[in-house]
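What follows is one structure encoded as structure tokens, with my remarks underneath.
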Amino acid sequence: MKRSAEDAAKTRVALLEAALMSFEEKGWRGATFERVAERAGVTRGAVHHHFRSKSELLTEALEWGWSEYGNRLFAQEAALSTAEHRLNALLRDFVTLLRSDERFRALASTTVLVAPQALDDSSRKHEALDEWRDQIAVSLRGHAALPVPPETVAGLVLVLIQGFTLAAVTRPNDLPQPEHLDAAIAALVKGLLS
């Protein structure tokens, strides 16, 4: 029986999700094609059909994950009226995802702990970060009181995001606690915009 393109796309997403979870749980060496297939509920052959190598699987899982969450985060903040509200929402939602979304934590962990030891080429990672920076800079344009160009503030926001990501993996208790999150993010954003 021939599978549809929709079935193949669903299998691919299931494999990417399973890969992130497996890399977080087992590390680079322990996250085998067999483990990913088992977690996704498919055969090992399905993994080989979609990915030629474990490096390709890791790279595509990271790209898919950051793109997927980036689309979600930027879509939510785009609906807000001011640069201050957009930055507050972006950073608050990012930290909230790190604290509460298992798949997002796996993406963060895999990015911080697995990718550096497994992948030599970081140019695709830099392209993704450049896209995030550009989206943040666009959301800042028109904010009259910026002390520096929007691209500079956007770069600083990326530094915060990367710091939050690293903290979520290595020292999660250093992330702002839920009861202080809004105030902490508001203080950061106020500093960035003044």
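The values are calculated or read from the model by the stated rules, or taken from the named source; none is laboratory data. These figures come from a predicted structure and were not determined experimentally. As a convention, Cβ positions derive from the backbone with ideal geometry for all residues, glycine included, and neighbour counts pool all protein chains shown. For accessibility, only protein heavy atoms count, side chains too; no ligands or nucleic acids. Shrake-Rupley method; radii C 1.70, N 1.55, O 1.52, S 1.80 Å.
Of the candidates 12, 29, 52, the single residue that is exposed (fewer than 14 other Cβ atoms within 10 Å of the Cβ), basic (Lys, Arg) and assigned to a helix (DSSP H, G or I) is 29. Please tell me if residue 63 is at pLDDT 95 or above and open to solvent by 50 Å² or more (accessible area, probe 1.4 Å). So residue 63 does not fit the description; no.
Which residue is least open to solvent (accessible area, probe 1.4 Å), if the candidates are limited to the stretch 157-180 and must be free of Cβ contacts under 8 Å to residues at least 60 places away in the same chain and assigned to a loop (DSSP other than H, G, I, E, B)? Result: 177. Looking at 154, 145, 183, which is the one that is part of a helix (DSSP H, G or I), touching a helix residue (DSSP H, G or I) at 6+ places or on another chain (Cβ under 8 Å) and on the phi < 0 side of the Ramachandran plot? After applying the criteria, what remains is 154. Residue 24 meets the stated requirement of being open to solvent by 50 Å² or more (accessible area, probe 1.4 Å) and either among the β-branched types (Val, Ile, Thr) or under 18 Å from the mean Cα position of the chain (by Cα) (or both). The residues on offer are 170, 165, and the sole one that is touching a Ser or Thr at 6+ places or on another chain (Cβ under 9 Å) and of a type in the set (S, T, N, Q) is 165.
Residue 120 fulfils the conditions (1) assigned to a loop (DSSP other than H, G, I, E, B); (2) closer than 30 Å to residue 144 by Cβ except for a single criterion, (2). The one condition from (1) within 30 Å of residue 156 (Cβ to Cβ); (2) surrounded by fewer than 19 Cβ atoms within 10 Å (Cβ to Cβ) that residue 86 does not meet is (2). The residues of the stretch 135-156 that are buried (at least 18 other Cβ atoms within 10 Å of the Cβ) and either over 16 Å from residue 87 (Cα atoms) or among the hydroxyl-bearing types (Ser, Thr, Tyr) (or both) amount to a single one, 139.
The condition (being at pLDDT 95 or above, over 25 Å from residue 161 (Cα atoms) and among the β-branched types (Val, Ile, Thr)) is satisfied by just one residue among 36, 47: 36. Does residue 12 fit the bill of being out of contact with any helix residue (DSSP H, G or I) (no Cβ under 7 Å at 6 or more places or on another chain), closer than 28 Å to residue 129 by Cβ and not polar (S, T, N, Q)? Criteria not met by residue 12. Residues considered: 57, 98. Of these, the only one that is closer than 30 Å to residue 182 by Cα, in a helix (DSSP H, G or I) and touching a residue at least 40 places away in the same chain (Cβ under 8 Å) is 98.
Could we say that residue 74 is at pLDDT 95 or above, aromatic (Phe, Trp, Tyr) and crowded, with 17+ Cβ neighbours inside 10 Å here? Spelling it out, it is not the case that residue 74 is at pLDDT 95 or above, aromatic (Phe, Trp, Tyr) and crowded, with 17+ Cβ neighbours inside 10 Å.
Under the condition of being among the small types (Gly, Ala, Ser) and either at pLDDT 90 or above or not in a loop (DSSP other than H, G, I, E, B) (or both), which residue from the stretch 77-94 is nearest to the chain's Cα centre (by Cα)? Per the stated criteria, the residue is 89.
The residues of the stretch 94-121 that are in contact with a helix residue (DSSP H, G or I) (Cβ under 8 Å, 6 or more places away or on another chain) and open to solvent by 30 Å² or more (accessible area, probe 1.4 Å), listed by number, are 96, 99, 102, 103, 105, 112, 113, 117, 119.
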